[in-house]
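Everything below concerns the one structure shown next.
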Amino acid sequence: MDSSLVLLDHQIAAQWREARERAADGQTGRLKRLRGLIGDLTTLAGDESLDAAGLRARLATLLEPVQPELQISQVAAIRQELAQRQGELDRLLRAARTAKLQTPAGHKLAEALALLDRVGGTAGGVLPAGAANPFGPSWRSLLDQPDRKAAMNCYRAATVMLMKPAIRNRSVTAPDSLSHQAPGDRLIPKAI
């Protein structure tokens, strides 16, 4: 069982690494678009024929397509890439269920897994509006997005990412594991 949990930890890390590489590839396209924007702005700055209102209208037209890209941080881009790999995320969540991870009451992972159980955490589900966010403010924009199916995908990704430190720091336990047992299970039982 211990080797299964170590493997699960490594697979989660591999998914993050691959998402980071895909986000970096997307960054190249983003830089090309921004360089094109700078070229367009340079041309616009030299256009003496435009009045102030025409210049503002033209600027708004140029900036509109890149506004969403300016709002996304590198980490958010990685998280979005991670959320797009639903098959892998579902496989990791199933592996965690197979390991019979036990989470203490009040643990953030317990809350996340409970919501996935309630709404049918497999692909195709939607995240209910106003669902609790046990992951912290860094995931808020991805979970509050209008596309509730994409929000659910991000919720699964956040759950998997929350699982990694929980396994590492042994705040979740597995009954069949030697190193991930609950502390009380490691003690010698009282004689009956």
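Each value in this text was obtained by applying a stated rule to the coordinates, not by laboratory testing. Fair warning: this is a prediction, and the values are worked out from it, not measured in the lab. We place every Cβ from the backbone using ideal geometry, glycine too, and count neighbours over all the protein chains shown.
Residue-wise HN-Hα couplings along region 83-95, as the Karplus relation 6.51 cos²θ - 1.76 cosθ + 1.60 with θ = phi - 60° gives them from phi, are 5, 7, 9, 5, x, 5, 5, 4, 5, 5, 5, 5, 4 Hz; Gly and Pro carry x.
Note on the chain: dipole from Cβ charges, positive end direction compared against Leu162, Ala60, Trp139; the farthest Cα belongs to Leu162. Ranked for footprinting exposure by Cβ neighbours inside 10 Å, fewest first, Ser73, Ser141 give Ser73, Ser141. Distances between placed amide hydrogens fall under 5 Å for Gln102 paired with Thr173, Ala174, all partners being 5 or more residues away or on another chain. Here percent of Cα pairs over 31 Å apart was computed from the coordinates, and among (1) 47; (2) 20; (3) 36 the match is (3). Along its principal axes, region 3-96 has C-alpha extents of 70, 18, 16 angstrom, given from the largest down.
So what is the calculated 222 nm ellipticity per residue for the chain, using -39500 (n - 2.57) for each DSSP H run with n of 4 or more, over all residues, to the nearest 500 deg cm²/dmol? That calculation yields -21000 deg cm²/dmol at 222 nm.
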